[in-house]
Amino acid sequence: MKDFTEEMIGIFSSKTRCEILDMLGEGYDHPEDLAEELELTRQAVDKHLILLHDRGMVERNAIFPPEGRPRIIYEITKTGKRLMNTLDKLADRYKATMLERAENEIEQLDMKLAAGDLSEKIYKKKVEEVKKRWNYSALKEQE
């Protein structure tokens, strides 16, 4: 696997970073709001935002109110949105492939049962094994 690919997997393996990107896409923009919603410290959110900013997935801007200190806000970049969409599509394709493989195995068992090569008891046991191995109910649920 390429080093950059491993780095990107590392970035997206953090549920918190994925949630931050989703929230930025929903309109959240200030680290305090993100921290409060995620029930994290501001410092923890800032660390994630810095990493995402350094990788070009979010951009940082300053808002200068008439009174008081500047307010730093973040938003997801087009690159960040495209990357998240691409990963979602890739995951959907992979899930569809896994579901297809599970259903093919079940179909093979169906044919063996119909041909009399398996007893009904063994058939049910093997179908349950296939469903458990492929986490079939979760795959069907997300269909």
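So residue 40 fits all but one of (1) free of Cβ contacts under 8 Å to residues at least 24 places away in the same chain; (2) assigned to a loop (DSSP other than H, G, I, E, B); (3) over 30 Å from residue 139 (Cα atoms); (4) aliphatic (A, V, I, L, M); what number is the exception? Status for residue 40: all satisfied but (1).
Exactly one residue among 113, 83 is surrounded by 14 or more Cβ atoms within 10 Å (Cβ to Cβ), touching a helix residue (DSSP H, G or I) at 6+ places or on another chain (Cβ under 9 Å) and closer than 30 Å to residue 61 by Cα, and that residue is 83. Condition check: outside any helix (DSSP H, G or I) and without any contact (Cβ under 8 Å) to a residue 12 or more places away in the chain. Does residue 28 satisfy that? Here the answer is yes, as residue 28 does meet what is asked.
Taking the numbered list (1) under 30 Å from residue 135 (Cβ atoms); (2) surrounded by 13 or more Cβ atoms within 10 Å (Cβ to Cβ); (3) out of contact with any strand residue (DSSP E or B) (no Cβ under 7 Å at 6 or more places or on another chain); (4) without any contact (Cβ under 8 Å) to a residue 60 or more places away in the chain in turn, residue 13 passes all entries but (2). Going residue by residue through the stretch 112-126, is there one that turns out to be touching a strand residue (DSSP E or B) at 6+ places or on another chain (Cβ under 8 Å) and either part of a loop (DSSP other than H, G, I, E, B) or of a type outside the set (A, V, I, L, M) (or both)? Scanning the stretch 112-126, I find no residue that is touching a strand residue (DSSP E or B) at 6+ places or on another chain (Cβ under 8 Å) and either part of a loop (DSSP other than H, G, I, E, B) or of a type outside the set (A, V, I, L, M) (or both), so the answer is no. Scanning the stretch 16-36 for residues that are more than 13 Å from residue 84 (Cα to Cα) and either of a type outside the set (Asp, Glu) or touching a Phe, Trp or Tyr at 6+ places or on another chain (Cβ under 7 Å) (or both) yields 16, 27, 28, 29, 30, 31, 34, 35.
Computed from the coordinates by the stated procedures, all read-outs in this text should not be read as laboratory data. This is a predicted model, so every value here is computed, not measured. Cβ sites come from the backbone with ideal geometry, for glycine too, and all protein chains shown count toward neighbours.
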